[in-house]
1. Looking at segment 274-300, I want the residues that are under 22 Å from Val461 (Cα atoms) and have a partner that is within 16 Å of the ligand (Cβ to nearest atom) and basic (Lys, Arg) with Cβ atoms under 7 Å, at least 6 apart or on another chain. Which pairs are those?
2. Which ones in segment 406-437 are without any contact (Cβ under 8 Å) to a residue 24 or more places away in the chain and within 16 Å of the ligand (Cβ to nearest atom)?
3. Go through (1) more than 16 Å from the ligand (Cβ to nearest atom); (2) out of contact with any Asp or Glu (no Cβ under 6 Å at 6 or more places or on another chain); (3) at pLDDT 95 or above for Leu468 and report which single condition fails.
4. So in segment 255-285, with the set limited to residues that are crowded, with 20+ Cβ neighbours inside 10 Å and of a type in the set (D, E, K, R), which one is farthest from the ligand (Cβ to nearest atom)?
5. Quick one: how many residues across segment 60-99 are touching a helix residue (DSSP H, G or I) at 6+ places or on another chain (Cβ under 6 Å) and among the acidic types (Asp, Glu)?
6. Residue check, Ala135 against (1) within 14 Å of the ligand (Cβ to nearest atom); (2) under 24 Å from Thr473 (Cβ atoms), all met but one. Which one?
7. So Ser212 ticks every box in (1) within 20 Å of the chain's Cα centre (by Cα); (2) closer than 22 Å to Phe122 by Cβ but one. Which box is left unticked?
8. Name the one entry in Glu171, Glu134, Glu155, Glu194 that is among the acidic types (Asp, Glu) and surrounded by 15 or more Cβ atoms within 10 Å (Cβ to Cβ).
Amino acid sequence: MSSARCYTYMPGPRPLPVIGNSWRFAIGKNPWRTRALDVTLWFLRAWAGTGGAVKVAKLFGHPDLVFPFSADETAKIYRREDAMPHRAKAPCLSHYKQELRKNFFGEEPGLIGVHGVPWSRFRSKVSKALIAPEASRAAVPELDYVANDFVSRMECILDSNRELPKDFLTELYKWALESVGAWALGTRLGCLKENDADAKDIIKCIHGFFHSVPILELSAPLWRLYSTPTYKTYIEALDAFRTLCLKRLTDKGICAEIAKTYGEKVAAILALDLLLVGVDTTAAAAASTMYFLANNDRAQRKLQKELDKNVPQAKIMDCKDLDRLPYLKACIKESLRIKPVILGNGRCIQSDTVISGYDVPKGSHVVFPHYILSNEERYFPSPKEYVPERWLRTQDVSEAMECPLGHDRKIADVWRKQKETGIHPFASLPFGFGRRMCIGKRFAEAELQLLLAKIFHRYDVTWRYGELTYSVTPTYVPNEPLRFTLHHRNKRSNK
Ligand code: HEM
């Protein structure tokens with residue numbers, strides 16, 4: 001017999017008769033704004049108490065949400081995961097693939113917004129080619145060209161004060177799109193060129209797609225009733241991306257391998273999924289890492305020292321060069337800890353499960369709020385401090401940490417406390433976990449390492465404005481213009 005408590009007793013906001021808890025998001029007042037789900041999560045965290053869980057029950061047209069605020073509990077649930085884990089539905093994308101363009105996608109709808117047997121069949125076809133370490137390692141030289149072109153472009157778009165333009169996040173989208181194109185399709189899409197006609201269309205699609213996703217996925221689904229202008233933009237962008245993927249398949253890149261075995265359609269559907277989720281995610285991660293380093297002179301100088309020692313001059317970088325950059329990797333991990341691109345990962349549980357001591361019925365939607373766990377003192381001492389050293393092995397941390405001076409003493413204290421606490425393997429999971437974890441993780445890491453290595457090797461990056469704020473769109477992205485200032489390293493006056 002289970003000693004677990006009845007689900008009814010799990011704490012959480014009380015639903016009203018008939019309208020349940022949906023009205024909270026419909027009214028959209030703090031802490032229930034869809035664009036500010038970070039605030040909602042902290043609010044629920046306080047409600048749950050230490051190590052507990054909360055539920056948000058009776059949501060219109062949606063299963064109950066259960067939030068376990070514990071890394072141990074997260075580990076237990078993930079480790080019991082079924083062979084075909086269900087993530088939250090992406091309603092608009094499912095509508096596109098499984099209703100509107102059903103004739104095209106048919107039995108092979110891809111990975112995103114797909115569940116059960118069709119997902120499992122597709123993932124097993126493409127998994128090996130994408131996840132194998134060699135797949136992303138082999139792509140490094142090609143991605144190096146893209147990163148070089150982007151850094152040259154950055155120099156051209158600086159204003160007279162050497163500030164990057166207001167829409168630098170869109171520029172990062174172009175870099176990420178160009179990188180996915182090079183890796184997946186084995187071709188250059190031309191997004192970093194000024195006057196490429198095809199590229200202009202692609203960039204128009206990026207604007208259309210990424211601006212319509214938050215409106216369609218996070219607001220009331222009016223598009224179910226009639227074709228709203230945002231819905232039309234979204235469908236046009238998806239159609240254009242789909243055509244692009246079919247048109248630009250080459251005999252190179254990851255998708256060419258898939259095409260050889262499973263045909264061009266499977267390869268094009270994979271390319272589409274990679275473009276849809278591999279652009280805003282990496283762009284946001286690059287933006288946050290630049291921001292943290294621009295605000296942290298100590299970490300930036302330490303990174304530059306590592307780059308000076310290991311980045312080859314006038315040579316294309318390969319994966320062995322990246323292996324010599326542990327501090328850079330730690331900087332990216334630390335940025336994703338404080339500002340993960342996806343705030344929480346979800347699983348729709350397929351059988352009754354005990355969570356944090358409560359019997360939770362099958363069909364409930366468990367949200368692992370790793371944004372909260374990775375910003376909690378109990379898992380990461382002084383969580384607001386940007387201390388990449390937390391992630392380093394002791395032998396990679398410099399002697400300065402052993403006998404710190406001045407302001408380094410504070411950082412050394414954080415590092416020592418972190419060593420005592422250890423890093424719980426389920427407390428920071430920016431790429432998810434298990435059979436459905438991010439299939440582009442290794443590629444995203446290599447792509448980010450290359451770009452950031454180039455930028456910080458060449459420039460001192462500074463930030464002259466206030467603290468950045470973030471919104472959920474559904475990726476967690478900065479609100480304010482990313483107006484970083486860049487100075488060639490040997491030209492900075494205060495050094
Ligand atoms: C910093 C960058 C990125 C982050 C933080 C990120 C994060 C995630 C997360 C949290 C998931 C859900 C995992 C789960 O349910 O356990 C996911 C899924 C996925 N990601 Fe990424 N991602 C990133 C970049 C990329 C890139 C560059 C690509 C491809 C080019 C990619 C392709 C995918 C795909 C296809 C899935 C769906 C996998 C499936 O359902 O089988 N991601 N990603």
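1. Partner pairs satisfying both residue conditions: Ser288/Lys339.
2. Residues satisfying the conditions are Phe431, Met437.
3. Result: Leu468 passes all but (2).
4. Asp280
5. Selection size over segment 60-99: 1.
6. (2)
7. If we test Ser212 against (1) within 20 Å of the chain's Cα centre (by Cα); (2) closer than 22 Å to Phe122 by Cβ, just (2) comes out false.
8. Glu171
The values are calculated or read from the model by the stated rules, or taken from the named source; none is laboratory data. All values derive from a computational prediction rather than experimental measurement. Virtual Cβ from ideal backbone geometry, glycine too; neighbours counted across all protein chains shown.
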